[in-house]
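Please read the structure below before turning to the comments.
The values are calculated or read from the model by the stated rules, or taken from the named source; none is laboratory data. These figures come from a predicted structure and were not determined experimentally. In this analysis, Cβ positions are derived from the backbone assuming ideal geometry, glycine residues included, and neighbour counts consider all displayed protein chains. For the accessible areas, the whole protein counts, side chains as well, though only heavy atoms, and no ligand, DNA or RNA atoms are used. Shrake-Rupley method; radii C 1.70, N 1.55, O 1.52, S 1.80 Å.
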Amino acid sequence: MSKLIDITVTCPHCGRQYNAKVFRTLWGDGGTAENNILSNDKTNVVECPDCHYAFRAPLAMMYVDCRAGFAVWWEPIHDDGIDSDATAYANMFGPDSYYAKAPRIEDWEDFKDTVRKYYTGELKANPITKFNFQGLQGQSSKQKSSNTGCLGVLILLIGLFSSIGLGLIHII
């Protein structure tokens, strides 16, 4: 499930602060390499209400397509939270899952090209086959619950983002 968050943005052109909504997680639409939600280049672009300067908010965002079996981070500025997320994903889905091994791309065009390569098959997707509920709760147990498909991923992301407490973020 895509997750929009509220942020406070400072316009780099005129200095005005304003509120905006951007994606922290963007779920793929099962699109093709040329026709996916990123292809319009408007994702996470914010526009100043005073001077109308538009730019892409430099907040890390994960693009994930659970049907295609891949995830990619756009990380224009290093985000320590991704490190802890990757550890949690490895505990829940296994260390070789696409969540745990999602590439972290700084450049927007390289990020879009990586997504395109997954859709064209140039990069190999790795669908999740198990879901460890104890990993989600951060508990170890001899009993392991498992589930398959997007429902497990949805539960993961809801729990993870609830525990992270992503809310108002200030971008300078």
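Residue-by-condition table, conditions (1) within 13 Å of the chain's Cα centre (by Cα); (2) open to solvent by less than 70 Å² (accessible area, probe 1.4 Å); (3) at pLDDT below 90:
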position	(1), (2), (3)
F23	yes, yes, no
G28	yes, yes, yes
G31	no, yes, yes
N36	no, yes, yes
D41	no, yes, yes
F55	no, yes, no
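Applying the selection to the stretch 57-71, what residues are over 20 Å from Y118 (Cβ atoms) and open to solvent by 30 Å² or more (accessible area, probe 1.4 Å)? Result: P58, single match. Apart from one condition, S145 fits all of (1) modelled with pLDDT of 90 or more; (2) farther than 16 Å from V64 by Cα; (3) open to solvent by less than 70 Å² (accessible area, probe 1.4 Å); (4) assigned to a loop (DSSP other than H, G, I, E, B); the exception is (1).
Based on this model, can you work out whether A125 counts as assigned to a loop (DSSP other than H, G, I, E, B) and more than 12 Å from the chain's Cα centre (by Cα)? For A125, the condition - assigned to a loop (DSSP other than H, G, I, E, B) and more than 12 Å from the chain's Cα centre (by Cα) - is met. For V46, the conditions (1) exposed (fewer than 14 other Cβ atoms within 10 Å of the Cβ); (2) in a strand (DSSP E or B); (3) of a type outside the set (D, E) are fulfilled apart from (1).
Scanning the stretch 72-106 for residues that are part of a loop (DSSP other than H, G, I, E, B), free of Cβ contacts under 8 Å to residues at least 24 places away in the same chain and open to solvent by 40 Å² or more (accessible area, probe 1.4 Å) gives I77, H78, P95. Checked against the criterion of being open to solvent by less than 10 Å² (accessible area, probe 1.4 Å) and either in contact (Cβ under 8 Å) with a residue 24 or more places away in the chain or in contact with a helix residue (DSSP H, G or I) (Cβ under 6 Å, 6 or more places away or on another chain) (or both), the stretch 9-17 has at least one qualifying residue.
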